[in-house]
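Colleague: Dropping the structure in here first, questions after.
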Amino acid sequence: MVYLAEFLGTAILILLGGGVVAGVSLARSKALNGGWIVVTFGWGMAVAMAVYVVGAISGGHINPAVTIGLASIGEFPWSQVPGYIAAQMAGAFVGACLVFLAYYAHWKPTEDPEAKLGVFSTAPGVRNPIANLTTEIIGTAMLLLGILGIGENAGAVSAGDADLSALFAMGFSPLIVGLLILAIGLSLGGPTGYAINPARDLGPRIAHALLPIPGKGSSDWGYAWIPVVGPIIGGVIGAFIWKLTNFGS
């Protein structure tokens, strides 16, 4: 059941998050040129809604970096990590396919292949692998610090907890996590588009490569490792900063 919940939650995340990018990017969309504020707010609400739906069941990780980060400090069992990641990746792929279907009539009139790829995955404003990787590490470290801080303040996460189910069962916590995503996007999203989630980027990038999108261009596989490796490193760092400073003790 927890794996199905992670699958569904990540699919919702990508449906709503990728959907807002499609809305502001694709030709003839009512939300065309909505701008960065709309995108970051949309992603924040996408996370909140996904966690509201599945958080009480699976902990609402919807992100391999969160799963691995929590496991690295003993807050989640390593035995469940592979299943969670597989479910998250599959959910992200399905969510991206749903975005494709929802905006089916808008792909052909959109001429820019980069705009089409941007609906599915992230890309740097300035292509510099070291700088881009660093940005993703910093952003995801902040994500884990924020999640653990929200949990501590809610009185739901303590050393030795198996997951975040108690946190996300509390009414306002998913919304606050969504605001955390909004804050990260507004403050740190400019350089890379703030993937901060390997499934969020890789699952939809695979969908982009496989779907029959008119004039879609390259899936930019040369960059694809950065929004996978960076968030994993950042998630572990953020979790260990929390642990080592004894905030969670």
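The values are calculated or read from the model by the stated rules, or taken from the named source; none is laboratory data. In this text, all values refer to a predicted model and were calculated from it rather than measured experimentally. Glycine also receives a Cβ, built like all others from the backbone with ideal geometry; neighbour counts cover every protein chain displayed. Remember, those area values only see protein heavy atoms, side chains included, never the ligands or the DNA or RNA. Shrake-Rupley method; radii C 1.70, N 1.55, O 1.52, S 1.80 Å.
Colleague: Report whether or not THR110 is at pLDDT 95 or above, of a type in the set (Ser, Thr, Tyr), more than 18 Å from the chain's Cα centre (by Cα) and assigned to a loop (DSSP other than H, G, I, E, B).
Modeller: yes
Colleague: Inside the range 213-223, can you point out the residues that are closer than 16 Å to ILE130 by Cα and open to solvent by 10 Å² or more (accessible area, probe 1.4 Å)?
Modeller: GLY222
Colleague: Here are PRO191, PRO204: which of them is open to solvent by 10 Å² or more (accessible area, probe 1.4 Å) and closer than 24 Å to PHE41 by Cα?
Modeller: PRO191
Colleague: Test VAL126 against the stated conditions and say whether it is modelled with pLDDT of 95 or more and assigned to a loop (DSSP other than H, G, I, E, B).
Modeller: Criteria met by VAL126.
Colleague: Would you tally the residues in the range 137-194 being among the hydroxyl-bearing types (Ser, Thr, Tyr) and either at pLDDT 95 or above or within 23 Å of GLY230 (Cα to Cα) (or both)?
Modeller: Total satisfying the criteria: 4.
Colleague: Suppose we filter the range 21-71 for residues that are more than 22 Å from LEU202 (Cα to Cα) and out of contact with any Leu (no Cβ under 9 Å at 6 or more places or on another chain); how many remain?
Modeller: Of the residues in the range 21-71, 10 are more than 22 Å from LEU202 (Cα to Cα) and out of contact with any Leu (no Cβ under 9 Å at 6 or more places or on another chain).
For (1) free of Cβ contacts under 8 Å to residues at least 12 places away in the same chain; (2) touching a Pro at 6+ places or on another chain (Cβ under 7 Å); (3) at positive phi, each residue gets a yes or a no:
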site: LEU32; (1), (2), (3): yes, no, no
site: ALA65; (1), (2), (3): no, yes, no
site: GLY91; (1), (2), (3): no, no, no
site: VAL94; (1), (2), (3): no, no, no
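Colleague: Find the residue count for the range 32-80, including only residues that are assigned to a helix (DSSP H, G or I), farther than 28 Å from ALA115 by Cβ and open to solvent by less than 10 Å² (accessible area, probe 1.4 Å).
Modeller: Qualifying residue count, the range 32-80: 9.
Colleague: Next up: Any chance the range 93-115 includes a residue that's within 24 Å of LEU148 (Cβ to Cβ), crowded, with 22+ Cβ neighbours inside 10 Å and either touching a helix residue (DSSP H, G or I) at 6+ places or on another chain (Cβ under 7 Å) or of a type outside the set (Lys, Arg) (or both)?
Modeller: No, the range 93-115 has no match at all.
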